[in-house]
Amino acid sequence: TRQTETHGFQTEVKQLLHLMIHSLYSNKEIFLRELVSNASDAADKLRFKALSETNLLADDAELYVRVSADKDAGTITISDNGIGMTREDVMANLGTIAKSGTAEFFGQLSGDQAKDSQLIGQFGVGFYSAFIVADSVTVRTRVAGAAKEDGVEWQSRGEGEYDLKAITKERRGTDIILHLRDDAEEFLDESRLRSIINKYSEHLSIPVQMPKAADDSEEADKTESKWEAVNSGKALWTRDKSEISDEEYKDFYKSVAHDFDEPLLWSHNKVEGTSEYTSLLYVPKRAPWDLWNRDSQHGIKLYVKRVFIMDDAEQLMPSYLRFVRGLMDSNDLPLNVSREILQDNKVTRAMRNGSTKKVLSMLSKLAKDDEEKYLEFWKTFGAVLKEGPAEDSANGEKIAGLLRFASTHTDSAEQTVSLDQYLERKPEAQKSIYYIVADSYEAARDNPALEIFRKKGLEVLLLSERIDEWLMSHLTDYKDVEFQSVTRGDLDLGDLEDSADKEQQKATEEAFKEPLERFTKALGDKVKKVRVTHRLTDSPACIITDENDMSTQMAKLMEAAGQ
Ligand code: ADP
Ligand code: MG
């Protein structure tokens, strides 16, 4: 029954293959990064599984990845002795795309090649990137623990279908054989391969080996001793900070985050004391395509004593910092830790708290040192950070210091004003930080409630994003100065009013007694109260909410949510 079966690719796979081949041609070399990273993942998975099933490693305990080229055949082979795949694994992993949000991703593609290739990069090109350089790909694999006869071969030209057959495979793990396209023959050059591997694999905790440079005096076949490691096989984060170059940090980011771009900034920390762990945290330049997808699981990779445990350990970073990429390596957690254990765990909490503080302080340092770069960050991730005060009140003040606003001072929709700048500018006698929340920047800017503030030269923050009402309901004060909405309650400008103002106000109130009664009668139940205001200078009237009532913005939000 060793016959070949043909299967069709899932529609999305066909689409992805087509896109990749046509939009990533200027970035061909990433295929090697992806395939070596899969091989390294396969080693990590086996190492982890072997913790409980010790016989899995059997007599083949030295895990490796091997890359070689055959000039005559025009092929590159990437082999590993990792976990391998069963027939079911092969069909699921190399025939479909199982990622959550796949449909959403395809919906975002625009047809603009430059944009799409960025997007594909962020989506994660993975195994299918093999077809950027190969017109035919063969995968031979055997899952750890299975008999030699239970291997599987997968073969495809990337054109809609793939063939499957049962094979006998001597060694556990996976071989991927790429038959290169004519325009990708540059990769047959081993020194070229070596330099790409150097770039992307230096941080892997597994040796990536290539055949030793040809030595005429020895026999031609590639026996064990003919392989040498190209990388150090020492995980980057375990090395000393002073020994790691910026280039290495950047390359590492590209490979953990599968991003084409460099990171905006990073922070590498060895924490000792009551809890011991290493963290390497990056802030990307660009938002991932699924930043607003609630189910997207972009967390932090978790290692325990250098053994990879899981991807997307969302317990290690609060949701308002979900754009942070990187890893944490704990010395305290047990190797058999599960997501459930992570959920409510002292060690996890300490790592999460420590790392949250690290990210916040790395951001405030950036804000101090390089305003332009910080504003770039703010534009990309500001709206996410605004979820912070509600989610993490303990760090509320730190987060508030990172917020940026549009304001009447700059008179621009750009969010550039910090609360510290606001406090510095405000007159001594001003007791509050004034703000307004509206549907749009224009609606905020043109609200009649601002008239008195403009007249008196008092700065008002102009908020108009969806999240802003939520944000302001969790920000009560900053550095002991209260926030005060200019559309709420009977605004008391206190010492900012002079006595001449006060007298005039009294006179006005007298004069309006009669019309006020008529308005009250005419509006009846529609309003709570009609009263004279001194806050308007150009407009005749405006609607406000009472101090303790829901703001009009909040009321709209609740209505939209069906409350
Ligand atoms: P990702 O690595 O993000 O999961 P890929 O497209 O790179 O996506 O790979 C898809 C899946 O195929 C992997 O999750 C893994 O299960 C399987 N796979 C790929 N290469 C190997 C390999 N060398 N050994 C074992 N499994 C592999
Ligand atoms: Mg992969």
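Mind ranking 155-163, 266-274 by how tightly packed they are, going by the mean number of other C-beta atoms within 10 angstrom, highest first?
Values: 155-163: 16.8, 266-274: 14.4.
Packing proxy ranking, top to bottom: 155-163, 266-274.
Which value, in debye to the nearest 20, describes the size of the charge dipole of region 1-133 about its Cα centre when Lys and Arg Cβ atoms bear +1, Asp and Glu Cβ atoms bear -1, and nothing else is charged?
Using only the charged Cβ atoms, the result is roughly 200 debye.
I'd like the FRET efficiency for K456 and S26, computed as 1/(1 + (r/R0)^6) with the beta carbon distance as r and R0 of 56 Å, rounded to 0.05. Walk me through the numbers on the way to the answer.
Working: r = 57 Å, r/R0 = 1.02.
With R0 = 56 Å, the Cβ-Cβ based efficiency is 0.45.
Please sort 32-41, 175-184 by packing, taking for each peptide the average over its residues of neighbouring beta carbons within 10 angstrom, highest first.
Numbers: 32-41: 22.3, 175-184: 17.7.
Sorting 32-41, 175-184 by mean packing, highest first, produces 32-41, 175-184.
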Problem - Two-site label geometry, T520 and R349: point separation in nm, points 7 Å out along Cα→Cβ - result: 5.4 nm
Handout entry: Full-stretch length increase - T86, E276 - with 0.36 nm per residue and alpha-carbon distance subtracted
Key = 64.6 nm
Exercise for the section: Determine which aspartates and glutamates satisfy two conditions relative to K148: a Cα distance under 15 Å, and not lying fewer than 8 residues away in the same chain. Expected result: D59, D60, E170, D175
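Charges only on Cβ, +1 for Lys and Arg, -1 for Asp and Glu: so what's the dipole of the chain about the Cα centre, in debye to the nearest 20? The partial results should precede the final answer.
Values: 75 positive and 103 negative charges, 177 e Å.
Roughly 860 debye, rounded to the nearest 20.
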Fill in the blank from the handout: Rounded to 0.05, the calculated FRET efficiency for the beta carbons of T508 and D411 at R₀ = 25 Å is 0.25
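Beyond 19 Å between alpha-carbons counts as too far, so tell me which of K426/K479; K455/K502; K270/K301; K28/K169; K379/K479; K241/K270 fall in that bin. Spell out each step's value before the answer.
Numbers: K426/K479 13 Å; K455/K502 16 Å; K270/K301 16 Å; K28/K169 30 Å; K379/K479 25 Å; K241/K270 9 Å.
Over 19 Å apart, Cα to Cα: K28/K169; K379/K479.
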Practice task
Compute the length gained on full extension between D311 and E391: take 0.36 nm times their separation in residues and subtract their Cα-Cα distance, giving the result in nm to one decimal.
Solution key: 26.5 nm
Completion exercise
Taking R0 as 60 Å and r as the Cβ-Cβ distance between E53 and F483, the FRET efficiency 1/(1 + (r/R0)^6), rounded to the nearest 0.05, comes to 0.55
Problem - Computed label-point distance, nm, for sites K148 and E185 using a 7 Å Cα→Cβ extension - result: 3.7 nm
Problem - Virtual spin-label span in nm between L335 and S195, 7 Å along Cα→Cβ - result: 4.0 nm
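Since every read-out is calculated from the coordinates, none of them should be taken as a lab result. This one's a predicted model, so the numbers in the text were calculated from it and none came from an experiment. Every residue, glycine among them, receives a Cβ derived from its backbone with ideal geometry; neighbour counts consider all protein chains shown.
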